[in-house]
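Worksheet: the structure to be examined is printed underneath.
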Amino acid sequence: MNEKINFKENEFGYIEYKSKNPYEFYQIFNELDEAETQDSFGWLIFPEQGKKPYPVVVCAHGSDNWAGHHHEHILNFLNNGIAVFKAHSFDSRGVASTVEDQLSVTTAMMMVDVVEPLKFLSRHPDLDANKIAITGWSLGGMVAFYAAWEPIMEKLAPNGERFCAHLPFYPPTFLNPDEHRWSKAPILNLIGSDDDYTPGILVKDICKEMKKAGADVEVCEFKKGHHSFDSIHPVTFWPEALAINEKFAQLKNDGSITFITDDGKAMSANSFEDRVKIFETGEIKFGAHSGGDWSIRRDAMDQALSFMKKHLL
């Protein structure tokens, strides 16, 4: 889609590009060519000081769009000679937040939003094509996590472009694939033990399966950490937030997703209409906490920067 995007030396800043609007993973696997094309944009930011070709981190925001603590991590990367690409998935689609929605911009859409930059940034003369990492927070963490799942990357980047490292912050990892075939790139998940928004138990359980399959995946769990433990906001309860249940949905090899209700009923989760039906069951959990802790926040900043420096510099 973005074959015509080519860069000159020292070219950075605002970038417009084409993405797609597949609603779920099923559309990525089976209907990507037919999916609506989306005009998207992002910002490529070079460090003030560093050595060319720069390594770069593609960054994906959470359900509340870009927030202050995201930018602090970004500054940490830039101050250490690492370039950054900020994908604006919500702003591109005229959406401010999906905290109480989760239907208007989906993980599948954001997956295309971050993989397209992986491809065109690989052609930038000032960037190291072998050192393009990805990070994301919450919903963006889910994107950063499943961008390590090889079957979906084979669909989105069939020419072999891959992220060299994955850093998901408190990701929703409720999709358990039948085929545990993952990237060999290092993956570090930062989670909080008290997270009732995107429960860490799912992260730990799926990472056990990933390790059995040979993935280079680790979990760093911050004790008493809530969702968004790296923010400066005090811990707050949000009654309308759509939280993740502590159970997996099954992700099939064709990209289809099956949700099992508490009474054992299997429900498809492959379209907007499917999601609405699942919401109507009353099994979707509302209400969750989020907020930072000064000690955890400092530790998370250090962990994130150390991971990127280890694998990019």
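Rule-based calculations on the coordinates, nothing more; no lab input. What you see is a predicted model; the values in this text were computed from it and never measured. No Cβ is skipped: glycine too gets one built from the backbone with ideal geometry, and neighbour counts run over all protein chains shown.
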Semi-axes of the equivalent ellipsoid of segment 155-313: what are they in whole Å, largest first, if each equals the square root of 5 times a C-alpha gyration tensor eigenvalue? 27, 24, 13
Can you compute the modelled spin-label distance between Glu48 and Glu72, with each label point 7 Å from Cα toward Cβ, in nm? 1.9
Please say if segment 153-236 is rounded, prolate or oblate, where rounded means a/c under 1.5 for a ≥ b ≥ c the square roots of the C-alpha gyration tensor eigenvalues, and otherwise the choice is prolate for a/b larger than b/c and oblate otherwise? prolate
At q = 0.08, 0.16 1/Å the base-10 log of I(q)/I(0) from the Debye formula over the alpha-carbon atoms of segment 13-312 is -0.31, -1.40
If packing is taken as the mean number of other Cβ atoms within 10 Å per residue, what is the order of 216-224, 23-31, highest first? 23-31, 216-224
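I need the fraction of alpha carbon pairs in segment 56-138 separated by more than 16 Å, rounded to a whole percent.
Working: 1769 of 3403 pairs.
Percentage above 16 Å: 52.
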Stokes-Einstein diffusion coefficient of segment 8-55, Kirkwood radius over Cα pairs, 37 °C, 0.692 mPa s, in µm²/s: 246
Taking segment 50-134, which trypsin sites (Lys or Arg not before Pro) meet the DSSP loop condition and have no more than 10 other C-beta atoms within 10 Å? Lys51
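I'd like the GluC sites (Glu not before Pro) in segment 138-190 restricted to DSSP loop residues with at most 15 other Cβ atoms within 10 Å, sorted by number.
Glu179
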Mind checking which of Trp182, Gly291, Trp238 is farthest towards the positive end of segment 13-312's charge dipole, using Cβ charges of +1 (Lys, Arg) and -1 (Asp, Glu) about the Cα centre? Trp182
Dipole of the chain, Cα-centred, from +1 at each Lys and Arg C-beta and -1 at each Asp and Glu C-beta, to the nearest 20 debye? 1060
Taking every pair of distinct Cα atoms and averaging 1/r, then inverting, what Kirkwood hydrodynamic radius in Å comes out for segment 50-99? 11.8
Which pairs, out of Lys224/Lys265; Lys119/Lys309; Lys119/Lys277, put more than 30 Å between their alpha-carbon atoms? Lys224/Lys265; Lys119/Lys277
Of the DSSP beta bridges with both residues in segment 13-312, give the percent that are antiparallel, rounding to the nearest 5. 45
R0 of 41 Å, Cβ-Cβ distance Ser271-Lys310: FRET efficiency to nearest 0.05: 0.50
Any aspartates and glutamates with Cα under 17 Å of the Lys20 Cα? List them, leaving off those in the same chain fewer than 8 positions away. Glu3, Glu31, Asp33, Glu34, Glu36, Asp39, Asp91, Asp113, Glu116, Glu154
